[in-house]
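What follows is calculated from the coordinates using simple rules that are stated; it is not laboratory data. All values reported here derive from a predicted model rather than from experimental measurement. All Cβ positions, glycine included, derive from the backbone under ideal geometry; neighbour counts span all protein chains shown.
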Amino acid sequence: MVQQSISRLLLAITLAAAGTACQAQSAGKSLGGKAPQGKLMTRDELRVCMKERQSQQARAADLEKRRVDIAAEVEAVNRQKAEVQAERDAFNAKVAEGRAFDERVKAHGERVAEFNQRVKAFQDKPPKDAERVRGQLEAEGEAVAQADTAIKAEAEKWTTTMEPARTALNEHIQAQQAAAAAAIEHRRVLNEDITAYDQSLATWTLSCGNRPYREEDEKAVRAGK
């Protein structure tokens, strides 16, 4: 009887050991891909963890897409900035030409004032050679009138080109600044979301990713059981 009891006890120990070895073999995997640690997951826990892993993977894919999109957005903003700078440089060059035109306008005004003074002096006190001086004044008056017409035409040209150019440049500058601000905000939000994702992934790794599970449970979950 004693011998039979010992035999049954040895058999029970052997079966228990075999069960433990089988369990260790079937629980040699983790969802995180590393050596499993911690308490063995139940099938229900594994089901929840696998579902959360799918959610994590979807979030990771979305974050990567947003990262690529924002990188393209930043590149577009930089191109826009370069274009606006080129437009600004061209406008400033025109402004410099406008200053030269202002100098010509000033010189023309002085010429007109001097001519008017000469005409007034002639009218107030005609010289002895009045006919000769009259002829000179008429010729000069015609030249002044032609110069005045040219100046006014050029002034009209500056008015019709510079103001629209100035307005367009200001609009482009504002649009570029708004685009840059939007890109900065998008990147800020993305960084916050990446931080939140990293934190949630770390939590999932501790509660799910590093823990062992049974392969038969995984098969059952995938089969919808």
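Each of D62, D124 was scored by other Cβ atoms within 10 Å of its Cβ. Listed from fewest to most, they are D124, D62.
Listed by chain and number, the aspartates and glutamates whose C-alpha is less than 15 Å from the C-alpha of K219, apart from same-chain residues fewer than 8 away, are D44, E45. Gap in Å between the Cα centre of region 40-67 and the Cα centre of region 154-225? Value for the Cα centre distance between the two parts: 21 Å.
Ordering A202, P164, Q80 by the projection of their Cα atoms onto the charge dipole of the chain, which places +1 on the Cβ of Lys and Arg and -1 on the Cβ of Asp and Glu, puts A202 at the extreme positive end. Averaging the sequence gap over all C-alpha pairs within less than 8 Å and six or more residues apart, then dividing by the number of residues, gives the chain a relative contact order of 61 percent.
Counting only aspartates and glutamates at least 8 places from K29 when in the same chain, those with an alpha carbon closer than 12 Å to its own are E215, E216, D217, E218. Taking a straight Cα-Cα cut-off under 17 Å and skipping sequence neighbours fewer than 8 places away in the same chain, the aspartates and glutamates within cross-link reach of K120 are E110, D129, E131, E138, E140, E142. When the square roots of the Cα gyration tensor eigenvalues are ordered a ≥ b ≥ c, the ratio a/c for the chain is 1.5 or more and a/b exceeds b/c, which makes its shape prolate.
For region 110-142, trypsin sites (Lys or Arg not before Pro) are listed when DSSP marks them as loop and at most 13 other Cβ atoms sit within 10 Å of their Cβ; the list is K128. What you get for the chain, charging only the Cβ of Lys and Arg (+1) and of Asp and Glu (-1), is a dipole of about 1600 debye around the Cα centre. Farthest towards the positive end of the charge dipole of the chain, among the residues I70, Q176, A93, is the Cα of I70, using unit charges on the Cβ of Lys, Arg, Asp and Glu. For the residue pairs K34/K65; K34/K225; K94/K152, the alpha carbons lie more than 20 Å apart in K34/K65; K34/K225. Using the rule -39500 (n - 2.57) for each DSSP H run of four or more residues, divided by the residues of the chain, the 222 nm mean residue ellipticity is -31500 deg cm²/dmol.
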